[in-house]
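K.L.:
Dropping a structure here in structure tokens format, bear with me for questions.
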Amino acid sequence: MTGLLNGKTAVITGGAQGIGLAIAQRFAAEGANIVLGDMNAEQVASAATSIGAEAVGVAADVTKADDVAALLRTAVETFGSLDVVVNNAGITRDATMRKMTEEQFDQVIDVHLKGTWLGMKLAAEIMREQGSGAIVNMSSISGKVGNFGQTNYAAAKAGIVAMSKAAAKEVAAKGVRINAIQPGLIRTAMTEAMPQAAWDSKMTEIPMGRAGEPDEIAKVALFLASDLSSYMTGTVLEVTGGRYM
Ligand code: NAI
């Protein structure tokens, strides 16, 4: 097989569905061994089964350091290395600032900002010893423009960009690359929960005139995870159909 990730092992958080699962499928098609981590234990197990023999599903909450450490250990113990980590798990708790509760603010910061930080920190420990690795962090275009009703999410997603750059500088000399993706409107359970009027109004802002599909994020994640982007670190790629360019 001549896949772009042939023989590599990739951990993907939030991999039970949506963008994370699409990334796992795309990476598997390119020859990677897959370890999916997700809070949803049942769904992550069946997602791994659907990918095939070279995939394992692990119940893991990215806000818990022990869970993240166990998830990453699974990659090394099962497949012998940890080459790629995609910090993708995410939630939304949208509300205007007037209505948003402190709990909604904290939950979103915890999953995105702390979850990504733990994923990077613990993955980098393994990868720097190995002398190689690629980390891809899932930001959002909301972290660039600050979507209405997302003071929590926009802050977390902008924070992911900044921490990716800071961390990229720390590990570059050890052969570890860290990059981020800012997706626009992608068709998943997260966005299908949106009221039709909100969906329609977003559509008018997208020069390409359509939402993106999860695999269109997966293809960019593949680029950042593979040797195709060997001289890139600390970058942010917008995948938005031209929205907010
Ligand atoms: P989704 O809701 O379909 O999937 C998210 C997955 O993350 C779920 O399987 C969920 O169980 C898991 N998850 C949530 N909290 C977790 C935790 N604490 N620990 C482990 N797993 C957890 O969402 P989607 O759309 O696939 O989003 C994936 C990522 O892409 C998220 O970070 C999201 O913020 C980001 N994104 C999505 C966009 C979209 O339009 N769908 C746009 C921009 C960014």
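The values are calculated or read from the model by the stated rules, or taken from the named source; none is laboratory data. Source: prediction; values computed, not measured. Using ideal geometry, Cβ is built from the backbone for each residue, glycine included, and neighbour counts are taken over all protein chains shown. With ligands, DNA and RNA removed, areas are computed over all heavy atoms of the protein, side chains included. Shrake-Rupley method; radii C 1.70, N 1.55, O 1.52, S 1.80 Å.
K.L.:
When the Debye formula is applied to the Cα atoms of the chain, each taken as the same point scatterer, what base-10 log of I(q)/I(0) results at q = 0.08, 0.09 Å⁻¹?
P.N.:
-0.27, -0.34
K.L.:
A further question follows. Can you tell me, using C-alpha contacts under 8 Å and at least 6 residues apart, the relative contact order of the chain as a whole percent?
P.N.:
Working: 518 pairs, mean separation 46.1, N = 245.
The normalised contact order for the chain reaches 19 percent.
K.L.:
Within region 95-180, list the trypsin sites (Lys or Arg not before Pro) lying in a DSSP loop whose Cβ has at most 13 other Cβ atoms in a 10 Å radius. Mind dumping the intermediate values first?
P.N.:
Details: sites: Arg98, Lys99, Lys114, Lys121, Arg128, Lys144, Lys157, Lys165, Lys169, Lys174, Arg177; in loops: Arg98, Lys99.
Sparse-neighbourhood loop trypsin sites (Lys or Arg not before Pro): Arg98, Lys99.
K.L.:
Give a quick list of GluC sites (Glu not before Pro) in region 191-237 that DSSP marks as loop, anything other than H, G, I, E or B, with at most 16 other Cβ atoms within 10 Å. Present the calculation step by step, with values, prior to reporting the outcome.
P.N.:
Numbers: sites: Glu192, Glu205, Glu216; in loops: Glu205.
Here the GluC sites (Glu not before Pro) that fit, given the DSSP loop and packing criteria, are Glu205.
K.L.:
Provide the per-residue ³J(HN,Hα) series for region 15-32, in order, calculated from phi with Karplus coefficients 6.51, -1.76, 1.60 and θ = phi - 60°, each as a whole number of Hz, with x at glycine and proline positions.
P.N.:
x, 6, 7, x, 5, x, 5, 4, 5, 4, 5, 5, 5, 4, 5, 9, x, 7
K.L.:
Probe radius 1.4 Å, ligands and nucleic acids ignored: give me the carbon and sulfur share of the accessible area of the chain as a rounded percent. Don't skip to the answer; put the middle values down first.
P.N.:
On the way: 6010 of 11220 Å².
Of the solvent-accessible surface of the chain, carbon and sulfur hold 54 percent.
K.L.:
Taking Cα pairs under 8 Å and at least six residues apart, what relative contact order does region 157-227 come out at, in percent?
P.N.:
The normalised contact order for region 157-227 reaches 29 percent.
K.L.:
In the structure shown, do any of Lys169/Lys202; Lys121/Lys202; Lys99/Lys202; Lys99/Lys144; Lys8/Lys157 have a Cα-Cα gap over 26 Å, and if so which? Please list the in-between numbers first.
P.N.:
Details: Lys169/Lys202 35 Å; Lys121/Lys202 35 Å; Lys99/Lys202 22 Å; Lys99/Lys144 23 Å; Lys8/Lys157 28 Å.
Over 26 Å Cα-Cα: Lys169/Lys202; Lys121/Lys202; Lys8/Lys157.
K.L.:
Which sequence of Leu122, Leu72 reflects their accessible areas, 1.4 Å probe, from the largest down?
P.N.:
On the way: Leu122 30, Leu72 5 Å².
Listed by decreasing accessible area, they come as Leu122, Leu72.
K.L.:
Which residues in region 137-152 place their backbone N less than 12 Å from a point set 7 Å from the Cα of Ala198 along the Cα-to-Cβ direction?
P.N.:
147-151
K.L.:
Looking at region 28-111, which GluC sites (Glu not before Pro) are in a loop (DSSP not H, G, I, E or B) and have at most 16 other Cβ atoms within 10 Å?
P.N.:
Values: sites: Glu30, Glu42, Glu54, Glu77, Glu102, Glu103; in loops: Glu30, Glu54.
When the GluC sites (Glu not before Pro) of region 28-111 are filtered for loop state and at most 16 Cβ neighbours within 10 Å, Glu54 remain.
K.L.:
With each run of n ≥ 4 DSSP H residues scored as -39500 (n - 2.57), what mean residue ellipticity at 222 nm is computed for the chain after dividing by its residue count and rounding to the nearest 500 deg cm²/dmol? Show your work: numbers first, answer last.
P.N.:
Values: 10 runs with 110 residues, N = 245.
Estimated from H runs of four or more residues: -13500 deg cm²/dmol.
K.L.:
Out of residues 5 or more away from Ile135 or on other chains, whose amide H comes under 5 Å of its own, with H placed 1.01 Å from N in the peptide plane?
P.N.:
Those lying under 5 Å, H to H, from Ile135 are Val85, Arg177, Ile178, Asn179.
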